[in-house]
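Structure record follows, encoded as structure tokens.
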Amino acid sequence: MGLRNLHSLTPWWSATSGVQTYRVRRVALVVVHSVAAGERLLAAARAVEDEPGVQVVFTQPPGPADNRVVDFLAAADALTTPWECAVNERFDLVIAASPTSIGTLRGALLLLPEVSTRGEIVDHNGRRCIPALNGLLRQRADDFDAVVIGLPHDAAVAALRAASPNSGRCATVVGDPTYDHLLGALAHRDAYREQLGIPHDQRLGLVVSTRGPDSLLGRTPALLRRIAMDPPTRSDRLVCHLHPDVWVWHGRRQVLAWAGSVVRTKVRFLRPEQPWQVSAAAADYIVGDHGALTAYAAATGKAVYLASPVSAAIPNSLGEAVVRYGRVLDPAVPLAAQFDWTARPSAPVARRVTSVPGRSADLLRTECLRLLRITNSTRQVTDGR
């Protein structure tokens with residue numbers, strides 16, 4: 001089907017497409033580049049999807065054919081539209097986590113890029129994206145549609161304004177919905193442990209690895225096997241969450257083959273579309289690396305053990321706060337002798353995760369409604385839904 005035919009199609013959410021049960025006044029398009037980015041985007045969708053007359057539609061831009069986004073959106077029961085149709089429509093609001101490929105989309109834009117533990121604003125591939133943000137703004141220079149860059153911390157807003165005044169003028173603080181989701185999950189810790197089949201006298205350990213050569217799997221690939229063979233306590237239950245891109249780049253079969261039979265028998269691997277917050281809330285301790293999930297766990301006061309020293313932690317960054325908080329495991333010392341956690345203040349970590357903890361849902365909703373030009377809403381939203 002050519003672009004001309006695609007352009008002539010009437011979207012099924014349009015008022016002219018046929019008989020509608022609900023009257024649609026505004027349409028928001030959520031652009032999901034990856035499963036990891038999708039979690040933040042779902043939080044933004046939740047902020048407005050219960051607003052009467054607002055239809056939320058999801059799409060996947062060009063990218064790896066098997067990046068699990070289709071499975072992620074199916075698990076979320078999301079209404080989707082092909083990218084080829086999306087680029088030929090105008091939307092009231094476009095929400096994305098990365099500036100990649102979205103310059104051709106029309107409508108007000110809310111960008112929600114990730115801020116790494118090093119304090120860098122990155123795209124869905126983990127690459128610094130300030131140049132891409134500048135390029136996107138130049139591409140849209142003749143448009144009248146608003147552009148907002150939502151960041152988790154006022155320090156990130158200040159850093160962007162210093163690095164790029166043009167992009168910085170579009171930046172505002174919207175909180176960290178992923179962290180707020182974990183905060184909400186902690187209130188249901190006992191229920192989650194029961195759901196996972198963890199009795200009161202058993203400990204649950206969560207091993208997390210981000211992507212790339214400096215991750216837990218990249219730098220210390222033998223650690224997972226070591227924990228499986230010699231857990232801190234013999235009765236410990238072990239769960240492992242890998243960054244979704246690990247599965248995408250290598251494939252589930254290969255990752256599990258490299259893990260080995262002992263690990264496959266004793267460790268339960270979460271699938272990318274499964275909510276890791278459930279296991280994190282239920283866990284008694286976390287073994288992680290420099291990634292965001294380790295930082296989130298540390299910010300909530302969990303016992304955090306680092307697989308290896310974090311190289312060149314940036315002063316005053318979230319990564320540095322995690323290094324100061326966690327305990328680095330020594331490969332020459334038995335694990336059982338190292339898992340003797342002493343409670344310590346987690347506030348220095350939490351302060352660097354976001355400057356507005358627990359407020360992301362309200363802030364995202366306010367920003368989305370403003371961009372959608374809805375001024376008479378009476379609905380309220382609660383974080384952690």
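Tally the residues that are part of a helix (DSSP H, G or I), aliphatic (A, V, I, L, M) and either under 16 Å from Ile286 (Cα atoms) or in contact with a Lys or Arg (Cβ under 9 Å, 6 or more places away or on another chain) (or both), restricting the search to region 213-256.
Here the count works out to 10.
So is Ala108 under 23 Å from Thr354 (Cβ atoms), hydrophobic (A, V, I, L, M, F, W, C) and surrounded by 18 or more Cβ atoms within 10 Å (Cβ to Cβ) or not?
Spelling it out, it is not the case that Ala108 is under 23 Å from Thr354 (Cβ atoms), hydrophobic (A, V, I, L, M, F, W, C) and surrounded by 18 or more Cβ atoms within 10 Å (Cβ to Cβ).
Do you know which of the residues in region 314-355 that are in contact with a His (Cβ under 8 Å, 6 or more places away or on another chain) and in a loop (DSSP other than H, G, I, E, B) is surrounded by the fewest Cβ atoms within 10 Å (Cβ to Cβ)?
Among those residues, the one meeting the criterion is Ser355.
Among the listed residues Ala96, Ala146, Ala141, Ala132, identify the single one that is over 25 Å from Glu320 (Cα atoms), under 16 Å from the mean Cα position of the chain (by Cα) and small (Gly, Ala, Ser).
Just one listed residue meets the conditions, Ala96.
What tally of residues in region 206-229 results from selecting those that are polar (S, T, N, Q) and in contact with a strand residue (DSSP E or B) (Cβ under 6 Å, 6 or more places away or on another chain)?
2
Please work out which one of (1) under 16 Å from the mean Cα position of the chain (by Cα); (2) more than 15 Å from His241 (Cα to Cα); (3) of a type in the set (S, T, N, Q) is the condition Thr300 fails and give its number.
Going through (1) under 16 Å from the mean Cα position of the chain (by Cα); (2) more than 15 Å from His241 (Cα to Cα); (3) of a type in the set (S, T, N, Q) one by one, Thr300 breaks only (1).
Would you list the helices (runs of 4 or more DSSP H) that sit entirely within region 261-311 and hold 1 or more residues that are free of Cβ contacts under 8 Å to residues at least 40 places away in the same chain and surrounded by fewer than 23 Cβ atoms within 10 Å (Cβ to Cβ)?
By residue number, 261-266.
Evaluate region 192-202: report whether one residue or more is of a type in the set (A, V, I, L, M) and touching a strand residue (DSSP E or B) at 6+ places or on another chain (Cβ under 6 Å).
yes
Does Leu9 meet the test of being of a type outside the set (Asp, Glu) and either modelled with pLDDT of 95 or more or in contact with a Pro (Cβ under 8 Å, 6 or more places away or on another chain) (or both)?
In short, no.
Kindly check whether there is at least one residue in region 187-209 that is under 13 Å from Gln277 (Cβ atoms) and assigned to a loop (DSSP other than H, G, I, E, B).
yes
Taking region 344-372, which residues are on the phi > 0 side of the Ramachandran plot and at pLDDT below 95?
None - no residue of region 344-372 is on the phi > 0 side of the Ramachandran plot and at pLDDT below 95, so the list stays empty.
The values are calculated or read from the model by the stated rules, or taken from the named source; none is laboratory data. Note that the structure is a prediction, hence the values are computed from the model and not measured. Here the Cβ is made from the backbone with ideal geometry for all residues, glycine too, and neighbour counts use every protein chain on show.
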